[in-house]
Structure formats: structure tokens, C-alpha cells
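In what follows, a single structure is set out as C-alpha cells and then discussed.
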Amino acid sequence: MPRVSDLPRPSPERLLRQVQAEENKQWGAKLKIFLGYAPGVGKSYRMLDEARRRHERGEDVVVGAAQGQHSEEVQTILSKLESIPQLETTGGQAMDVENILRRAPQVCVVDPLAAQNPSGSRNAYRWQDVQELLRNGVSVLTSVNLLHVEEYKEKVQAITGRDTAETIPKSFLLSADDIVIVDVPTDLCLWRLGAQLTSIGISNYQERQLSELRELALLLTAEVVDAQLESYVQTHGIEPVFGTQERFLVCLTPSSNAAAMIESGKRNKERFQGELYVVYVRRDGVSRKESDRIEEYMELARQAGATTEILESENPVEAITEFARQKRITQIFISHGSHRNWRDLLFGDPILRLVRSTEGIDVRVFPR
Amino acid sequence: MPAAERSSRGNLKVYLGYAAGVGKTFQMLQDARDSAQQGTDVVVAYFEPHERPDTIAQVRGLDTVPHRQIQYRERTFEEMDTDAVLRRKPKIALVDELAHTNIPGSERPKRWEDVQVLLEAGIEVWTTMNVQHIESLNDEIWQITGIQVRETVPDWVVRQAAEIVAVDVTPEALLNRLKRGAVYKPEMVEKALAGFFKGSNLGALRELTLRQAAHEVELRQFAFDETSGFQVPTVSEARIGQTKAEVTKERILIHITSEPSTAMLIRRGRRVADYLQADCLALFVPTDLAAAEREAVEKHLRFARSLRIETHILAGKDVPQTVVDFARRNQITQIFVARSRSRLHERLLGKDYSQAIVRGAHDLQVTVVADRSRRQGL
């Protein structure tokens with residue numbers, strides 16, 4: 001087993017997330033989000049069904065906000081749960097946070113999460129109301145549509161043309177204790193929306209758009225799960241988990257064919273929906289010309305969406321191996337060696353030494 | 001897959017989960033009840049009750065084809081009665097647990113092969129499986145969980161599915177179900193908590209499932225885009241403003257040997273080829289082999305073909321040189337080789353193939369594939 005001091009240090013963002021999560025946990029309050037890729041996937045139903053089951057198991061559940069139109073099934077569940085009426089103002093409705101806090105239930109249902117409160121409300125957005133409930137020890141079950149995640153707004157708009165002013169920050173999703181994706185086939189979603197269906201697979205433009213949203217929602221959930229996994233690994237002091245997401249590490253030297261390697265890294269990153277790192281190991285006595293060239297390469301890498309880093313070490317193989325382990329890399333890109341000498345023959349050249357020291361990682365060797 | 005090719009075949013729908021108890025079967029049955037209520041002819045062709053009361057309740061009211069009883073080593077086992085389902089010829093057949101291996105004496109070794117027969121007869125099949133049963137993920141699963149999954153389904157079987165549904169639940173809820181005894185019998189729970197269900201395994205498997213589902217969804221978009229000519233802004237930025245021809249077509253070559261690590265190599269090569277939409281070939285260059293080694297090579301070639309990899313056998317005195325020459329002649333962009341276990345004297349004698357291929361193919365990309373059976377730091 002590795003010693004805890006060997007383990008990678010947590011990033012400041014994660015520490016902050018942990019602190020926030022722990023603050024909520026002092027009171028045992030938990031945030032659970034049901035994510036859907038479009039209206040009609042059944043988020044509200046899944047969420048309310050869980051609320052009903054918890055209520056039946058003896059938890060104290062109230063409904064703080066519910067959506068306007070409902071199916072019969074949703075109505076049936078709602079009739080079994082206690083509701084706290086929303087505040088009516090001239091500007092519209094808002095969740096009655098004060099009343100909910102006075103009532104102090106264990107669990108509050110908030111549907112939907114993305115809503116703008118009327119001006120003059122205690123919080124501008126409903127997700128801030130939810131934060132207040134959590135801070136006061138009330139667990140929250142809530143639902144959100146991908147369209148309403150701020151960072152995805154533009155993508156969704158580009159795909160569907162739909163826009164919204166009611167958004168929540170992605171960091172709020174990442175802070176959730178639990179996230180569940182409500183995934184249904186696109187044809188079922190279309191059918192529920194009352195659209196015409198033709199054949200199997202993707203049948204028309206609208207379904208193609210929905211499919212794109214579905215992919216985004218699945219990947220967003222995977223990202224949240226990955227963040228949770230990382231914090232679990234950190235708090236339990238266990239080895240990082242390999243292979244859940246493809247992570248590419250491009251190792252450059254001044255004589256690498258950097259353009260080809262970065263381009264390939266970029267394509268792999270996009271195809272695998274993975275992450276891309278580009279590093280250079282600097283040893284003492286690097287010439288000015290060489291460091292200028294490396295700076296050019298790093299700029300190219302950043303333009304390709306890579307995270308870049310310069311490692312200081314006299315032992316490149318060791319430095320790369322350590323970095324790869326910390327970042328849970330699954331593929332390392334390096335360049336073919338330029339020459340061989342007796343030392344390489346006896347001890348193995350740097351490529352082979354790297355191959356030996358990174359057994360759980362693919363090593364891809366590129367032409368110069 | 002062109003629609004015409006599939007028109008007479010039944011569609012396949014896969015409910016994909018990350019562990020036993022996430023609710024795959026439950027959701028499949030729930031959807032089936034909805035369809036049955038609208039008058040669709042649905043039958044339960046195979047159902048594994050696992051003594052889960054909630055799930056069993058879902059089957060009530062659905063038409064069922066009785067299982068086939070098979071005697072093996074003085075015990076009775078139940079399998080799907082494929083012939084009976086064919087005779088019954090429903091619109092939709094529900095077949096639980098696609099990755100199941102049939103008991104010896106069954107007509108076909110694997111349940112997914114029975115499912116092919118139903119699909120060919122024009123029956124739509126709904127089925128369930130877990131992410132760890134996908135063949136090309138086998139080594140990643142081993143690396144993550146330390147558990148080697150024996151029952152797998154080739155990727156192309158999953159790929160032919162018209163629809164994949166990710167069945168998602170939080171690990172916390174799953175563990176609660178497990179502890180309540182809703183997934184396994186009480187005597188099994190302890191074992192499950194110490195094995196597959198332990199620590200970070202569930203989170204990692206869940207993430208893999210979501211990524212796999214996203215990938216499957218994207219592949220179906222490619223198929224649609226090629227035939228329809230629609231321009232939809234996509235998740236993958238690589239595809240924006242770029243037609244397929246503009247992206248250099250990758251061609252992957254897998255070097256097959258008698259080494260046990262070859263199986264891992266084949267799975268990884270296939271998976272990378274799928275993601276990069278690359279062609280995938282395999283090459284074996286015969287040398288003097290012992291009988292057991294010959295058998296191993298045969299097995300590897302068969303395995304490669306079962307994953308729809310084009311296999312070649314080529315004579316050559318110098319194995320690494322033959323591989324590299326073949327790669328150059330066939331416009332290969334990437335050669336996949338296994339990590340060798342060679343010693344110093346073997347390296348000096350040039351008996352280390354992967355090392356020699358890396359050295360010889362300085363104008364090509366060579367990927368030395370991870371040994372995923374060796375977990376990092378453990």
C-alpha cells in the first residue's frame with residue numbers, strides 16, 4: 001500500500017467543494033439532483049417516486065415547489081405528500097423558504113431547480129433557496145433539465161435554438177451529494193412530446209437533436225461521478241482509480257514532431273471525450289533556443305485545449321511516471337528515440353524504461 | 001448499419017447498468033407493461049427472478065414462454081426455450097441477462113447467440129446487461145475492480161442494438177438496496193460488499209457505464225448523419241465543419257503472438273479502433289512453436305475474428321521486420337504490441353518483438369499496450 005504522503009495533493013477547488021459538502025453534512029442535509037436531457041424524460045416522476053418511497057419509510061417529506069402541468073401519476077403522488085404553498089407576488093411565484101424552514105422537514109422536494117425568483121425575493125435564484133435549505137439541515141430532492149445548466153446553455157441553444165434566462169451554475173451540480181440521470185431513448189421522449197415517429201434508430205432532425213442532448217447529459221453525469229470518485233479516493237487515502245475516463249499525456253522534447261502529437265492528442269481527447277495533458281521535462285542546462293521552442297509547443301498545446309505543465313527533473317522517466325500516476329493517465333504519447341548507444345542496449349533506452357515503469361498505461365510512440 | 005439491412009430483422013434494445021440491483025430488469029419490465037397495455041404483443045422469453053419481490057410483481061400479467069429444463073450433472077437447470085419463442089413469434093421478446101453462458105448441452109453456448117436467432121426471425125428483443133460484460137472493457141474492469149469477468153458479450157452485438165438505455169441509480173441507493181436484502185440473499189450480501197460492491201468500485205463502474213452509453217448514442221448519430229446529410233452542431237468539436245474524408249482514416253494493426261497478453265491487446269486495439277472509427281487488422285507471423293503455443297495462437301486468431309477484426313498470417317524470417325513491412329504496405333497508421341516480459345539476455349539476442357517493432361517502425365506510431373492485469377501500486 002502506498003503511504004498517504006505519496007498520494008497526489010487535492011486541488012484547491014476540490015478542497016473548497018469538500019468544505020462546502022462537509023458544512024451541509026454537519027446537519028446531515030443532502031442534495032440529490034435528477035438530471036434529464038429534455039422535457040418528457042420523466043425526471044419529475046422519478047424524483048417524486050423517490051419522495052413517496054422515503055415518505056412511506058417514515059422520513060418527513062414536504063413539497064416546496066412543484067411544476068405546473070402534471071400527469072395523472074404525478075398528481076397521485078403529490079396528493080399523498082404535504083405541500084408548502086408557494087408565495088404569490090405580483091412578479092410571480094417563489095418558494096416559501098421561511099415557511100419551509102419553520103416547518104423544518106427532513107426532506108424538501110424542489111421542482112424544478114432552475115427558476116428565477118420574482119424581484120424582491122430573498123434570493124434571486126431558486127438554487128440559492130436550495131442552498132439555504134441545505135445550510136439549515138433540510139435535504140433536497142430536485143430536478144433539472146440540461147438546458148438550464150449555465151455552461152451548457154450555448155451548446156443546447158446551438159442545437160435546438162431554445163434559450164433560457166433561468167440557469168444554474170455547473171459548480172452547483174458538482175457540489176451535489178448525488179446526481180442521477182434519467183435516461184430514456186430519444187424516440188420515447190419524442191413520442192411523449194406527441195411527435196410523429198417514422199422508423200427505428202434516429203428518424204428525423206428533431207430526434208437527432210435530442211440524441212445530441214442525451215449524449216451531453218450522459219457525459220455531464222459521468223463528469224460529476226468522476227469528481228465524486230476523486231474525492232472519495234482522496235478522503236479514503238486509496239490509490240487513484242485507472243481507466244474510468246481516457247486521459248492522454250503528450251510528452252514533448254525539442255525534437256518531437258509536436259504538431260502531429262498534439263493534433264493526435266486533441267483528436268483522441270475529442271473522440272474519447274477524455275482529457276489532454278502536455279508536459280515537458282526540463283533538465284539543467286537547457287539552451288535558450290530549446291526553451292523558446294518548448295514555449296511555442298506549449299502555446300500550441302493550450303490552443304488545442306490541453307492542460308500544460310513543465311516538470312523539473314533530471315530523470316524524465318521517473319518524472320513522467322509520477323505525473324501519469326497522479327493524473328490517472330491511460331495513454332502516454334512519446335517520440336521515437338533518435339539514436340542508440342551501448343548504455344541503451346544494456347539498460348534499455350528511455351522509451352523501454354518508460355514502458356517498464358508504467359505497466360498499467362498504454363505507451364504510444366510517435367515518429368519524429 | 002443501413003436501415004434496409006435491418007428491415008426484416010428484429011430490433012435489439014439493451015438496458016445497460018453498472019451492477020446487479022441497479023434496476024435494469026425492473027425498468028425493462030415496466031416499459032414492457034406500458035407497451036403491453038397499448039396492445040403490443042410482448043412475451044417474457046427469459047426472466048431471472050433472483051427472488052426480488054418488486055421485480056417479480058412486474059412480471060405478473062405479462063405473457064410468459066416457459067423455460068426449458070436441462071439436466072446436467074444430475075441437476076436441473078433452466079434456460080430460455082428459443083424454439084418455443086420462435087413458435088410463439090411475439091412482436092417483442094424480453095430476454096434477461098444477455099451475457100449469460102448456457103449450460104453445456106444447450107443448442108448454443110451463449111445467450112446472445114440465442115438472441116441473434118430471435119432477431120433474425122424478425123422478433124424485437126429487449127435485454128439487460130452490465131457494463132462489465134462488454135468484451136472490450138474486460139481489462140479496464142479488471143484493472144479497476146481487481147475482478148476478472150468471465151461472461152462477456154462481443155462489442156458488435158451491443159453495437160447492433162437500435163437503442164441503448166442507461167439505467168442509473170446512485171451507489172448509495174444501490175448499497176441500501178443491497179443491505180435491505182433486495183438484491184442478493186442475506187448470505188451473499190457480505191461477500192458482495194467485500195468484492196464487486198466495495199469502496200470506489202461502484203463509482204468507477206457507474207462512470208464507465210455513463211461514458212459507454214454516451215459513446216453508443218454518438219455512434220448512432222454518425223450512422224444517421226452519413227445517410228441524412230443533416231448538419232447538426234455536435235458534442236465532438238472535431239466533427240464541426242469537417243467532413244469524414246478530411247479526417248485522416250486511421251488503420252490499426254494488432255500483432256498476434258502466443259503470449260497470453262495478446263487477448264488484452266486484441267480487446268484494447270478493437271476498442272481504440274471503435275472510438276477512432278479506424279479499420280482494425282491483426283497479423284500473426286509463424287515461428288517454431290510448441291503445440292500449446294500453436295493452440296494459443298489459434299485461440300487468439302479466433303478471438304480477433306469474433307470481434308470482427310480482419311486477421312492475416314504471413315511468413316517471414318524476421319518477425320518484427322515482417323510486421324513493420326506489412327504495416328507499411330497496408331497504410332497502417334498505428335501498430336499495437338503487447339508489453340514483453342523479456343530478460344536482459346533476450347533483449348541482447350533481439351528476441352524481444354515489441355522492442356524490435358518500436359525500433360524498426362520509426363516512421364509509424366507504435367502503441368505498447370498496458371498490462372491491465374497489474375493494478376497500479378498494488
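The values are calculated or read from the model by the stated rules, or taken from the named source; none is laboratory data. Note that the coordinates shown come from a computational prediction; the quantities given were computed from them, not determined experimentally. All Cβ positions, glycine included, derive from the backbone under ideal geometry; neighbour counts span all protein chains shown. Surface accessibility is based on the protein's heavy atoms, side chains included, excluding ligands, DNA and RNA. Shrake-Rupley method; radii C 1.70, N 1.55, O 1.52, S 1.80 Å.
The table for this structure:
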| read-out | value |
| --- | --- |
| Pairwise FRET efficiency - residue B:50 versus residue B:306, Cβ, R0 = 41 Å, nearest 0.05 | 0.90 |
| Computed log₁₀ I(q)/I(0) - Debye formula, equal Cα scatterers, no solvent, segment B:1-78, q 0.18, 0.22, 0.26 Å⁻¹ | -0.93, -1.12, -1.25 |
| Taking the C-alpha atoms of the protein assembly as shown, convex hull volume expressed per residue in Å³ | 187 |
| Volume in Å³ per residue [convex hull over Cα atoms, computed for segment B:141-190] | 136 |
| Theoretical ellipticity at 222 nm over chain B - DSSP helices of four or more residues, -39500 (n - 2.57) apiece, nearest 500 | -12500 deg cm²/dmol |
| Model label zone, residue B:8; criterion: amide N under 12 Å from point 7 Å along Cα-to-beta-carbon; scope segment B:86-129 | B:120-122 |
| Rel. contact order, % - alpha carbon contacts under 8 angstrom, at least six apart, segment B:1-160 | 29 |
| Rg/Rg_ref, segment B:23-143, where Rg_ref = 2.2 N^0.38 Å and atoms are Cα | 1.09 |
| In segment B:135-214, the trypsin sites (Lys or Arg not before Pro) that fall in loop regions by DSSP, at most 15 other Cβ within 10 Å | B:150, B:180, B:198 |
| Average Cα contact separation per residue, chain B, under 8 Å, 6 or more apart, as relative contact order % | 16 |
| Two-decimal ratio, chain B, of alpha-carbon radius of gyration to 2.2 N^0.38 Å | 1.10 |
| J(HN,Hα) series, segment A:282-294, from Karplus relation 6.51 cos²θ - 1.76 cosθ + 1.60, nearest Hz, glycine and proline x | 8, 9, 4, x, 7, 6, 4, 4, 5, 5, 4, 5, 4 |
| Hz values of 3J(HN,Hα) by residue in segment A:106-116 - Karplus curve (6.51, -1.76, 1.60), Gly and Pro given as x | 6, 10, 10, 8, 10, 9, x, 6, 7, 8, 9 |
| Cα-based convex hull volume of segment B:260-303 per residue, rounded to whole Å³ | 64 |
| Under 24 Å from the Cα of residue A:155 - lysines, other chains or at least 8 residues apart | A:43, A:170, A:266, A:269, B:244 |
| Segment A:93-134-segment B:122-143 distance, computed between alpha-carbon centres (Å) | 42 |
| Chain-alone versus full-assembly comparison, segment B:197-211, residues with accessible loss of at least 20 Å² (1.4 Å probe) | B:199, B:200, B:203, B:204, B:206, B:207, B:208, B:210, B:211 |
| Extension gain, residue B:298 back to residue B:227 (0.36 nm per residue minus Cα-Cα distance, nm) | 21.7 nm |
| Under the Karplus curve 6.51 cos²θ - 1.76 cosθ + 1.60, θ = phi - 60°, whole-Hz ³J(HN,Hα) for segment B:302-315, x wherever Gly or Pro sits | 5, 4, 4, 5, 5, 9, 6, 9, 6, 9, 10, 10, 9, 7 |
| Partner chain coverage, peptide A:263-274 - average Cβ within 10 angstrom | 5 |
| Size of charge dipole - the protein assembly as shown - debye, nearest 20, with Cβ of Lys, Arg +1 and Asp, Glu -1, no other charges | 1380 |
| Pairwise burial B:A, computed as accessible area of each alone minus the pair, summed, 1.4 Å, Å² | 7000 |
| Ellipsoid semi-axes in whole angstrom, largest first, where each is sqrt(5λ) of the Cα gyration tensor of segment B:81-149 | 28, 13, 8 |
| Over segment B:175-226, equivalent-ellipsoid semi-axes from the Cα gyration tensor in Å | 35, 11, 7 |
| Those residues of segment B:156-172 for which accessible area with every protein chain present is at least 50 Å² below the isolated value (1.4 Å probe) | B:163, B:168, B:170, B:172 |
| Surface accessible to a 1.4 Å probe, per residue, for the residues of the protein assembly as shown, Å² | 45 |
| P(r) tail fraction, segment A:60-128 - alpha-carbon pairs more than 14 Å apart, % | 59 |
